[in-house]
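Quick notes on the structure that follows.
The values are calculated or read from the model by the stated rules, or taken from the named source; none is laboratory data. Just so we're clear, the structure is a prediction, and the values are computed from it rather than from any experiment. Methodologically, a virtual Cβ is constructed for each residue, glycine included, from the backbone with ideal geometry; neighbour enumeration extends over all protein chains shown.
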Amino acid sequence: MTSSKVNTSIHKIVNAYKGKLAHYDDEVFQLTPPINGWSYSEVYSHIFDASLLSLIALENSAQGKGEKEATHFAVKVILFLGAFPPSQKYKVPKRLIDRVKKITKAEALDFILEFEASLSKIYPLIATANRTIKTKHPRLGYLNAKQWLRFIEIHLKHHLKQLVRIEDSFKR
């Protein structure tokens, strides 16, 4: 998939997050769902914080501030297919889990807007980025700028599904 298509897809996914955010009740937004796990609030905190950190890694790769390391074959498959394996449960790295917190809907919207502004600024760098320069993802290993963009898309989609599971648990 081209970077342009991935960028367009990211914008559509982010619009879905905005739409969902507008429909969540302020009180329910911070409640632990019946299925336990993260609240809507914590999902938004994680996904947009992680996405902003991913944009920093993308920018570093694009600016040549990285390593010449190989990307693992399994990671290339994930990036090609556009999804994490359904049978695998991924744990958020400790250094990122400590950053997850309950935020308000207004803070979530601010996070989204900050992500969109950063993406608009950083996205053009991909066109001239050296594909051999990569920065390290805490779980997936080394990714170049284009791969980081694809990871952001996959990660956003993954947590959008999590929001649907939380919604379903409140309906029961």
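A few points about this structure:
- Restricting attention to the range 16-41, the residues that are among the hydroxyl-bearing types (Ser, Thr, Tyr) and free of Cβ contacts under 8 Å to residues at least 40 places away in the same chain add up to 1.
- Within the range 74-91, tally of residues that are surrounded by 11 or more Cβ atoms within 10 Å (Cβ to Cβ), farther than 12 Å from Leu140 by Cα and free of Cβ contacts under 8 Å to residues at least 60 places away in the same chain: 1
- Within the range 138-155, the residues that satisfy the criterion of being crowded, with 19+ Cβ neighbours inside 10 Å and in a strand (DSSP E or B) are Tyr142, Leu143.
- Scoring Lys12 on the criteria (1) in contact (Cβ under 8 Å) with a residue 40 or more places away in the chain; (2) under 16 Å from the mean Cα position of the chain (by Cα) leaves a single failure, condition (1).
- Residue match in the range 133-150 (condition: more than 15 Å from Asp49 (Cβ to Cβ), in contact with a strand residue (DSSP E or B) (Cβ under 8 Å, 6 or more places away or on another chain) and of a type in the set (Val, Ile, Thr)): yes
- Within the set Lys105, Lys65, Lys5, Lys101, the sole residue that is over 29 Å from Ile126 (Cα atoms) and loosely packed, with under 13 Cβ neighbours inside 10 Å turns out to be Lys101.
- Residue pairs meeting the criteria (Cβ under 8 Å; at least 6 apart or on separate chains; first in contact (Cβ under 8 Å) with a residue 60 or more places away in the chain and more than 24 Å from Leu119 (Cα to Cα), in the range 59-73; second among the charged types (D, E, K, R) and surrounded by fewer than 17 Cβ atoms within 10 Å (Cβ to Cβ)): Glu69/Lys136
- When Tyr44, Tyr24 are checked against the criterion of being under 15 Å from the mean Cα position of the chain (by Cα), buried (at least 19 other Cβ atoms within 10 Å of the Cβ) and either of a type outside the set (A, V, I, L, M, F, W, C) or farther than 25 Å from Ser120 by Cβ (or both), Tyr44 stands alone in meeting it.
- The criterion of being over 15 Å from Leu149 (Cβ atoms), part of a helix (DSSP H, G or I) and more than 16 Å from the chain's Cα centre (by Cα) does not hold for Ala117.
- Selection status of Glu107, more than 21 Å from Lys157 (Cβ to Cβ), in a loop (DSSP other than H, G, I, E, B) and at pLDDT 85 or above: no
- Among the residues of the range 65-104, the ones that are at pLDDT 90 or above, assigned to a loop (DSSP other than H, G, I, E, B) and of a type in the set (Val, Ile, Thr) come to 3 in all.
- As a summary of the residue check, Tyr44 satisfies the conditions (1) of a type in the set (Ser, Thr, Tyr); (2) in contact (Cβ under 8 Å) with a residue 40 or more places away in the chain; (3) over 18 Å from Glu107 (Cβ atoms) except for the one numbered (3).
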